[in-house]
1. Would you kindly identify the helices (runs of 4 or more DSSP H) lying entirely within the range B:112-182 that contain at least 3 residues that are of a type in the set (K, R)?
2. Kindly indicate whether B:Y90 is hydroxyl-bearing (S, T, Y) and away from chain A (no Cβ under 14 Å).
3. Out of the residues in the range B:68-111 that are part of a loop (DSSP other than H, G, I, E, B), open to solvent by 10 Å² or more (accessible area, probe 1.4 Å) and closer than 24 Å to B:Q28 by Cβ, which is modelled with the lowest pLDDT?
4. Take the residues in the range A:31-56 that are within 10 Å of chain B (Cβ to nearest Cβ) and of a type outside the set (D, E, K, R), then tell me which one is farthest from B:Y230 (Cα to Cα).
5. Name the single residue, out of those in the range A:12-30 being more than 8 Å from chain B (Cβ to nearest Cβ) and of a type in the set (F, W, Y), that is least open to solvent (accessible area, probe 1.4 Å).
6. If you scan the range B:333-345, which residues turn out to be of a type outside the set (G, A, S) and either surrounded by fewer than 21 Cβ atoms within 10 Å (Cβ to Cβ) or within 16 Å of ligand 1 (Cβ to nearest atom) (or both)?
7. Anything in the range A:47-71 that is surrounded by 13 or more Cβ atoms within 10 Å (Cβ to Cβ), assigned to a helix (DSSP H, G or I) and of a type outside the set (D, E)? List them, or say none.
8. Pairs only if they're at least six apart or on different chains, beta carbon under 8 angstrom, first in the range B:194-208 and farther than 20 Å from B:H374 by Cα, second polar (S, T, N, Q) and open to solvent by less than 10 Å² (accessible area, probe 1.4 Å); list them, first residue then second.
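The values are calculated or read from the model by the stated rules, or taken from the named source; none is laboratory data. Small disclaimer: the values here were computed from a predicted structure and weren't measured. Quick reminder, even Gly has a Cβ in these numbers, built from the backbone with ideal geometry, and neighbours come from all protein chains shown. Heads up: the accessible areas ignore ligands, DNA and RNA and are worked out on the full protein's heavy atoms, side chains in. Shrake-Rupley method; radii C 1.70, N 1.55, O 1.52, S 1.80 Å.
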Amino acid sequence: MALSDQAVLSLSPGFRFQWEPAQQTHVLLFPEGMVKLNASAAEIIRRCDGSRTLGAIIDELGHSFTGDTVEDDARSFVERAYERGWICEARAA
Amino acid sequence: MSEDGFAKPAPPKPLWLLAELTYACPLQCPYCSNPADFDHYRDHLTTEEWERVLVQARTLGAAQLGFSGGEPLIRRDLETLVARARALGYYTNLITSGWALDEARLGALKEAGLDHIQLSFQGPQQQLNDRMAGAAVFEQKLAVARLVKRFGYPMVLNFVLYRENIDRVAEFLDLAVELGADYVELANTQYYGWALLNRDRLLPTRQQLERAELVANEYRRRLAGRMKVYYVVPDYYEDRPKACSNGWGNFFLLVAPDGTALPCHAARVIPGLVFPNVRQANLSWIWKESPAFNRFRGFDWMREPCRSCPERFKDFGGCRCQAYLLAGDAADTDPVCSLAPRHGLVLEAIRRATAATGVEAAVSDTGLIFRNVHNSRRLTAPLERSPLGR
Ligand code: SF4
Ligand code: SF4
């Protein structure tokens, strides 16, 4: 299941990412479901827009967040999001 | 819907709004969860009134919006409401039997911004489907499923299970594969409304359930990554009740066709509660302040054994409507729970339904009460209604 750094990521069909004013949080909406995203998850999902590769997304996050584990955390979140079907591969770069 | 845990300090928000646009439906499913007396509520909300509901609920935090009914496609203003909802930021779900949905209408709905369509089936092939639906709709459903796919929607199929079709789960799943479904819900009938009236003829046996679950699990494994398969067991066969709506007035808000606001589908049946109507009150007051929405909120209303039970945070003592419908008291422990003083009622229901299986089950639908206006009037003369029942 491992995604390559060249994989271009986008939200799966039927998924929507948005800010919820009443909850003061970003959410992912999909058929009959909703998940709240914390700040770093939201920054990742925001970038799964069909134009960036996984490598580029991780790179950009490294610039906006500091800490030793940013890259590992981001990768494991992406893997989980992919396994759950929230995001998919748009096309091979 | 997943949430970040129970988040007790934050006041609950109605994250899920279910808009039952009409009680009219061309189908007659005997397992329908609409109230048996639906025909008494004929004064349906207007387009403007629904728009007000959408705005008010969105302000309170509603994000998921289901349009259901009856059959929501009967409303000609559905496109208008979808467009309005979408502009407000809702994720819009259409919950339909597929009746009369053609290319032009689906195109208009798509343009209005509809996010998702859930299509229900009564049976895996024409004969059984149409007999239970009380109408010749199977071919139409297949056509709708193909349209849904063609318009690029994720396809969510809902198969309602009952005694006569539960042995055919494999056929259902084959059909789902053939149609290219993305999600399949194998939803055992829940016994409210019409389903409760027909319980003796709908409730499967434990053996049937176990077999069906095995089949569902096998397909789930085989189709992993291609199609998600959900299997919803009927709570009668569980030791613990379902966490009904994740707690009364906790995140689910239903507005019925006549504007009555309810914390769950069946709540109207509970006597002694006055459910507010969106025509008379603002949803903010209804959700936060109204006595009805606060009656079973949280844990203070509970009696023993729930009151001191560690599982109360998980199941909220089960379903209030089921407690009323089965035990005659909405503040009782849901009789589905094996710790409930009246758990015997559920065992008795299972025994009766199972005794009825051998003889008639596979043979015919004799005795099934179909959901239609005629039966609604026959079964629920206005005088029998509790004066507080609306
Ligand atoms: S369950 Fe059947 S009868 Fe009831 S609203 Fe749905 S399609 Fe109509
Ligand atoms: S006693 Fe009440 S809280 Fe405990 S498991 Fe049963 S229904 Fe749930």
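1. Values: elements: B:126-133, B:138-150, B:169-179.
Where helices (runs of 4 or more DSSP H) fall fully within the range B:112-182 and carry at least 3 residues being of a type in the set (K, R), they are B:138-150.
2. Judged against the criteria, B:Y90 is not a match.
3. Here the residue is B:A100.
4. By that ranking, first place goes to A:N38.
5. That would be A:F15.
6. B:L339, B:P341, B:R342, B:H343, B:L345 - these are the residues of the range B:333-345 that are of a type outside the set (G, A, S) and either surrounded by fewer than 21 Cβ atoms within 10 Å (Cβ to Cβ) or within 16 Å of ligand 1 (Cβ to nearest atom) (or both).
7. So in the range A:47-71, the residues surrounded by 13 or more Cβ atoms within 10 Å (Cβ to Cβ) come out as A:47-49, A:52-62, A:65, A:70-71.
So of that shortlist, the ones also assigned to a helix (DSSP H, G or I) come out as A:47, A:54-62, A:70-71.
Once the filter is applied, which keeps residues that are surrounded by 13 or more Cβ atoms within 10 Å (Cβ to Cβ), assigned to a helix (DSSP H, G or I) and of a type outside the set (D, E), the range A:47-71 yields A:R47, A:L54, A:G55, A:A56, A:I57, A:I58, A:L61, A:G62, A:V70.
8. B:L202/B:T189; B:L203/B:T189; B:P204/B:N188
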